[in-house]
1. Can you tell me which of (1) on the phi < 0 side of the Ramachandran plot; (2) touching a Cys at 6+ places or on another chain (Cβ under 7 Å); (3) open to solvent by 20 Å² or more (accessible area, probe 1.4 Å) is the one ILE198 doesn't meet?
2. Could we say that ALA114 is under 17 Å from ALA28 (Cα atoms) and either open to solvent by less than 50 Å² (accessible area, probe 1.4 Å) or not aromatic (Phe, Trp, Tyr) (or both) here?
3. Can you say whether MET52 is more than 22 Å from CYS209 (Cα to Cα), modelled with pLDDT under 95 and not in a loop (DSSP other than H, G, I, E, B), as far as the supplied structure shows?
4. Can you give me the number of residues within the range 25-49 that are assigned to a helix (DSSP H, G or I) and in contact with a helix residue (DSSP H, G or I) (Cβ under 6 Å, 6 or more places away or on another chain)?
5. Any residue in the range 199-210 that's free of Cβ contacts under 8 Å to residues at least 60 places away in the same chain and more than 8 Å from the ligand (Cβ to nearest atom): show its pairings with residues that are of a type outside the set (Ser, Thr, Tyr) and open to solvent by 20 Å² or more (accessible area, probe 1.4 Å) at Cβ separation under 8 Å, as long as the two are six or more apart or on different chains.
6. Mind checking whether some residue in the range 148-161 is within 16 Å of the ligand (Cβ to nearest atom) and closer than 21 Å to LEU25 by Cα?
7. I'd like the residue in the range 183-195 that is more than 7 Å from the ligand (Cβ to nearest atom) and open to solvent by less than 50 Å² (accessible area, probe 1.4 Å) and, out of all such residues, is modelled with the lowest pLDDT.
Amino acid sequence: MQMETEKKGSALVVFSGGQDSTTCLYWAKTRFERVVALSFTYGQKHVLEVEMARQLAAEAGVEWSVMDVPFVGGLSSGCSLTDSSLTIEEEKPADACPTTFVPGRNMFFLSIAAIFARERGIYDLVTGVSQTDFSGYPDCRDAFVKSLNVTLNLATDEEFRIHTPLMWLDKAETWALADRLGVMDIVRYKTLTCYNGIVGDGCGHCPACQLRRRGLEKYLSKKL
Ligand code: ZN
């Protein structure tokens, strides 16, 4: 099984403490000797998100750093998730704005992560972006990530490798991956995806909770 491959080198995981990046953190642990998790604070509504990330990284036994990049949050005047950014149709609670949403946010995070990693001699970057479920975010798509990889290499004269283990997985398949990695319970009960800041299965009605729950139900029903 692929989990048994020999571990080599170091990787940096862009780490929010949500379902996707936590699954990626454990994925990285199966492939790299040393894993470093990097979280960002940029004016998120829920400080808890950062605390959860710290705890999850500690439980995973990986180094964790947090970088405050308030200018990223300051670039956008609040939630602008008005168009196709989220594809889930449902009533949006007043509180549904995921955080301070900034178009191109992922571009900033990955670029900063690359420079942070390079300072530590790390050239493998891992990000939990997925084109399958979040195609509304252009900078989560495969073409963007490949393009940024080239740009980072040109910008630094290095050879970065951006890994996107979830790129072509839907949420059910992401749950399956967490299960295969043996961290189903950690991902299910200790990660924070909910826009209302409720850990684990969350509030149940925000778009992130709905997506997460549908994926979980689909995965569990297939398993039975
Ligand atoms: Zn929720």
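The values are calculated or read from the model by the stated rules, or taken from the named source; none is laboratory data. These numbers were taken from a predicted model, which means no experiment stands behind them. Quick reminder, even Gly has a Cβ in these numbers, built from the backbone with ideal geometry, and neighbours come from all protein chains shown. Heads up: the accessible areas ignore ligands, DNA and RNA and are worked out on the full protein's heavy atoms, side chains in. Shrake-Rupley method; radii C 1.70, N 1.55, O 1.52, S 1.80 Å.
1. Every listed condition holds for ILE198 apart from (2).
2. yes
3. no
4. The qualifying residues number 2.
5. Close Cβ pairs (under 8 Å, with a partner that is of a type outside the set (Ser, Thr, Tyr) and open to solvent by 20 Å² or more (accessible area, probe 1.4 Å)) amount to GLY200/ARG188; GLY200/LYS190; ASP201/ARG188; ASP201/ARG213.
6. Looking for residues that are within 16 Å of the ligand (Cβ to nearest atom) and closer than 21 Å to LEU25 by Cα, one finds none in the range 148-161, hence no.
7. Ranking the candidates gives THR193 first.
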